[in-house]
Amino acid sequence: MSELRDLYQEEILDHYGKPRNFRKIENPTRVLEGYNPLCGDKYTVYLNLEGDVISDIAFQGSGCAISKASGSLMTENLKGKTKADAEELFNAFHQMLTRAPGEDYDEEKLGDLESLAGVVEFPMRVKCATLVWHTLRGALQGREDSVSTE
Ligand code: ZN
């Protein structure tokens, strides 16, 4: 059970209980829905862009603790950042969640996103953690359909 305790550490439970930026943006520049059929996580990501800068970002929907905490942490980390920053952070986050045993990840860049590092032990949960990120990426690319992890 110690691994499970690691997975649901305090920071994740805090973000799950009180998700940040958990709201709708009226008339967003971009909006996209994402779905993870394996777990049933379903979220809509809203973005306002000013040039290349994410001036506002929010999400709404429902799902497990991991997916909701990930959305909360993502939106908190990306507000005011550029599209290029978002892509870089996505790559660092994805690498952390899919790393081989013993492989390092960029703690400095990831900051509080590191609280999801334990997800690497639970391959089924990786899609929960990355769903909102894939959705964000689709929104930044201008996709208008929806994103599915399958
Ligand atoms: Zn989930």
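The values are calculated or read from the model by the stated rules, or taken from the named source; none is laboratory data. Note that this is a predicted model, so its numbers are computed, not measured. FYI the Cβ positions are ideal-geometry reconstructions off the backbone, even for glycines, and counts take in every protein chain you see. Accessible surface is based on the protein model in full, side chains and every heavy atom, while ligands, DNA and RNA are left aside. Shrake-Rupley method; radii C 1.70, N 1.55, O 1.52, S 1.80 Å.
Calculated [222 nm] ellipticity per residue, helices only, for the chain: -13500 deg cm²/dmol; basis is -39500 (n - 2.57) per DSSP H run with n ≥ 4, divided by all residues, nearest 500.
Each principal axis of the Cα cloud of region 26-87 was taken in turn, and the coordinate range along them, longest first, works out to 35, 22, 16 Å.
Cross-link partners of Lys68 among aspartates and glutamates, defined as those whose alpha carbon lies under 19 angstrom from its own and excluding same-chain residues fewer than eight positions apart: Asp6, Glu10, Glu11, Asp14, Glu33, Asp41, Asp56, Glu76, Asp112, Glu114, Glu121, Glu150.
Spatial offset of region 85-150 relative to region 54-75 amounts to 12 Å, using the alpha carbon center of each. Let me make sure I get this right: for the chain, a, b and c are the square roots of the gyration tensor eigenvalues over alpha carbons, sorted descending. Under 1.5 in a/c it's rounded, otherwise prolate if a/b > b/c, else oblate. Which is it? Note, shape of the chain comes out prolate. To the nearest 10 degrees, how steeply does helix 123-140 sit against the main Cα axis of the chain, on a 0 to 90 scale? Once rounded, the angle reads 20 degrees. Summing Lys and Arg as +1 and Asp and Glu as -1 over all other residues whose Cβ lies under 13 Å from the Cβ of Asp56 gives a net charge of +3. Computed FRET efficiency, Cβ-Cβ of Glu108 and Ser55, R0 25 Å: what is it to the nearest 0.05? It comes out at approximately 0.50.
Looking at region 44-111, the GluC sites (Glu not before Pro) that sit in a DSSP loop and have at most 10 other Cβ atoms within 10 Å of their own Cβ are Glu103. Each of Trp133, Ala92, Phe22 was placed along the dipole of the chain (beta-carbon charges, centred on the mean Cα), and the one lying farthest toward the positive end is Phe22.
On a per residue basis, the chain carries 50 Å² of accessible surface, using protein heavy atoms and a 1.4 Å probe.
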